[in-house]
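Worksheet for the structure shown next.
The values are calculated or read from the model by the stated rules, or taken from the named source; none is laboratory data. From a predicted model like this one, the values you see are computed outputs, not experimental measurements. Positions of Cβ are generated from backbone atoms using ideal geometry, with glycine treated the same way; all protein chains shown enter the neighbour counts.
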Ligand code: HEM
């Protein structure tokens, strides 16, 4: 799939474009009245003072069993790490493609809209974009420790009504409906392949890295579904 087909820029609203451009032109996290710490690394998992720092309800051992169930191997971790330096310099181009898809798909961009006006909130899009860029790097580092697992739970909470909108102090729709989260795993990973191929790796290595990314995004979208599931049913 040609990622540029997904851009469909003609369908962008001006508000969305403003948000995208402000993020592209800055490497600095955007300031928010809520807290500038919101745009950081996995170390500072939440600035939402209404709840305690997220601690994963599943253990690292349970994570291992889940990975095993999706045919995860150490080779996948190595392939992800190989992708890190290939993807890093292309981060903004990757985000342009992913955001282009979301921005031009009304049922998705709705989740970035202002609850009152129904229009996309450019500042919200831009603030999340910074964290999304960090996530590409974190995913490619493939360092599966307790901090990473806790942050997975935090990301799930931020998609769910428990945490959505809090990091950026925005007034947007309260929850991302669960059904769209695994759905987005496909466009995200399908459009990544041309970027993996740009690093000069062999075709076999591009395929290895791509498969590892598919597994990792699937794994993460599963972990993020936890807040949506009744206690004891995850
Ligand atoms: C596999 C699917 C998905 C991936 C990989 C993904 C990735 C991410 C990442 C990395 C963040 C930032 C997390 C952080 O705060 O550090 C985020 C937040 C967000 N995502 Fe997703 N996402 C997915 C599905 C979706 C879907 C389907 C939507 C609906 C449009 C969506 C909308 C949002 C919104 C609105 C936020 C900001 C939440 C908040 O903090 O208020 N995501 N996503």
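For the stretch 159-167, the criterion of being part of a helix (DSSP H, G or I), out of contact with any strand residue (DSSP E or B) (no Cβ under 7 Å at 6 or more places or on another chain) and modelled with pLDDT of 95 or more is satisfied by at least one residue.
Consider residue 110 carefully, then state whether it is surrounded by 18 or more Cβ atoms within 10 Å (Cβ to Cβ) and within 9 Å of the ligand (Cβ to nearest atom). So residue 110 does not fit the description; no.
Can you go through 182, 194 and tell me which one is surrounded by fewer than 20 Cβ atoms within 10 Å (Cβ to Cβ), under 15 Å from the mean Cα position of the chain (by Cα) and in a helix (DSSP H, G or I)? After applying the criteria, what remains is 182.
Scanning the stretch 188-200 for residues that are closer than 25 Å to residue 100 by Cβ and more than 7 Å from the ligand (Cβ to nearest atom) gives 189, 190, 191, 192, 193, 194, 195, 196, 197, 198, 199. Every residue in the stretch 132-151 that is under 17 Å from residue 229 (Cβ atoms) and near the ligand (Cβ under 10 Å from one of its atoms), please. Hits for the stretch 132-151: nothing passes.
Conditions tested, residue by residue: (1) closer than 16 Å to residue 135 by Cβ; (2) within 16 Å of the ligand (Cβ to nearest atom); (3) in a helix (DSSP H, G or I); (4) modelled with pLDDT under 95.
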site	(1), (2), (3), (4)
174	no, yes, no, no
177	no, yes, no, no
186	no, yes, yes, no
205	no, no, yes, no
209	no, no, yes, no
213	yes, yes, yes, no
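What are the residues in the stretch 172-192 that are in contact with a helix residue (DSSP H, G or I) (Cβ under 7 Å, 6 or more places away or on another chain) and in contact (Cβ under 8 Å) with a residue 40 or more places away in the chain, if any? Matches in the stretch 172-192: 172, 173, 176, 178, 180, 181, 182, 187, 188, 191, 192.
Output the residues belonging to the stretch 152-169 that are within 7 Å of the ligand (Cβ to nearest atom), without any contact (Cβ under 8 Å) to a residue 60 or more places away in the chain and more than 13 Å from the chain's Cα centre (by Cα). Of everything in the stretch 152-169, those that are within 7 Å of the ligand (Cβ to nearest atom), without any contact (Cβ under 8 Å) to a residue 60 or more places away in the chain and more than 13 Å from the chain's Cα centre (by Cα) turn out to be 164, 165.
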